[in-house]
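So the structure is just underneath, and the comments pick up after that.
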Amino acid sequence: YSVGSINKMFTPLYEFPDETILNRTKLLDAIDSIEVENEEKVVGDTVTVNSEEIKQRIYGVFPAQKRAVTAKDYETVIYSMPAKFGYIKRCRVARDDASVKRNLNVYVLCEDRNGKLTKANDTVKGNLKTWLLQYKMINDSVDIFDGQIINYGINFTAVGDQNKSKYDILTEAVETLKLDFSKVSEFGEPLFITDVYTSLKRVDSVVDVINVEIIEKVGGNYSDSFMNIESSISADKRYIVVPQNVVMELKYPSTDIRGSIL
């Protein structure tokens, strides 16, 4: 929710020292004059967890046993933070190799009202730090950082069945990619270029895939974070290496997937 977009109350809570000695008319006027407005953007209140995410998080609950020891334990505790404190969509916990102590770096991202990744505000991060205090090991030091979002687009060239409409083939190919790449990635999860080829080849009217290109989307409605995708491609050209504090996001599939059919 953007700044100033929350301006209505359903059940306001108020308290007066002694209502019996107050003028009833002025008291009601005071209540009616109550106004609200959010001075900061509201994030972390959206909860859209798919079945796979639920399954993975349940697996992590049992080993944690209400105490965070491993990085996986910490991630389980973070995801179990009550929604009233703010909802973390993605997190990554990693030991800080540069630290001589048991220092942990926690990278977090929230979700906006449109289901897109966004950075957590200071309130959510503050609540998270307090939440972790009751679970962390006494010698552990925890630092919470904003995760980085790298938005990308997919360009492709394919050969279609000559007996089919190129427009229909392109539409089906784009819809297939939108479906296959709609899942929100995890921190540090590689983006496999080969998966794009695999998805396109599943389209019956696609005869062959000539080329696939992953391009970065920066600025405007996209994230300001930058990563040189070209230099991050693996030596065998199969996937893009993603740093542990980065999540790859296909933010606007309807416009960020472009293709041509020969």
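The values are calculated or read from the model by the stated rules, or taken from the named source; none is laboratory data. None of these values were measured; they are calculated from a predicted model. FYI the Cβ positions are ideal-geometry reconstructions off the backbone, even for glycines, and counts take in every protein chain you see. Note: areas computed on protein heavy atoms with side chains; ligands, DNA, RNA excluded. Shrake-Rupley method; radii C 1.70, N 1.55, O 1.52, S 1.80 Å.
Per residue, how large is the accessible surface of the range 144-185? Use a 1.4 angstrom probe and give square angstrom. All intermediate terms of the calculation are to be shown ahead of the outcome.
Numbers: 2070 Å² over 42 residues.
Here the per-residue accessible area is 49 Å².
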Within straight-line cross-link reach of Lys166, aspartates and glutamates at Cα separation under 17 Å, skipping those fewer than 8 residues along the same chain: Glu175, Asp204, Asp208
How large is log10 I(q)/I(0) at q = 0.13, 0.15, 0.30 Å⁻¹ when the Debye formula is applied to the Cα atoms of the range 147-210, each weighted equally and without solvent? -0.39, -0.50, -1.46
Given the C-alpha atoms of the range 202-262, compute the convex hull and give its volume per residue in Å³. 129
If the reach is capped at under 13 angstrom between alpha carbons, list the aspartates and glutamates near Lys84, excluding any in the same chain fewer than eight residues apart. Asp45
At a probe size of 1.4 Å, how large is the accessible area of Ile154, to the nearest 10 Å²? 0
Leaving out ligands, DNA and RNA, what percent of the accessible area of the range 118-184 is carbon and sulfur, probe 1.4 Å? 52
Determine the alpha carbon to alpha carbon distance for each of Lys136/Lys251; Lys178/Lys201; Lys164/Lys217; Lys89/Lys129; Lys72/Lys125; Lys178/Lys217 and list only those over 25 Å. Lys136/Lys251; Lys164/Lys217
Inter-site label distance for Arg24 and Asp208 at 7 Å from Cα along Cβ, in nm: 8.8
Quick one: if the Förster radius is 22 Å, what FRET efficiency do Ile31 and Asn121 give, using the C-beta to C-beta distance and rounding to 0.05? 0.15
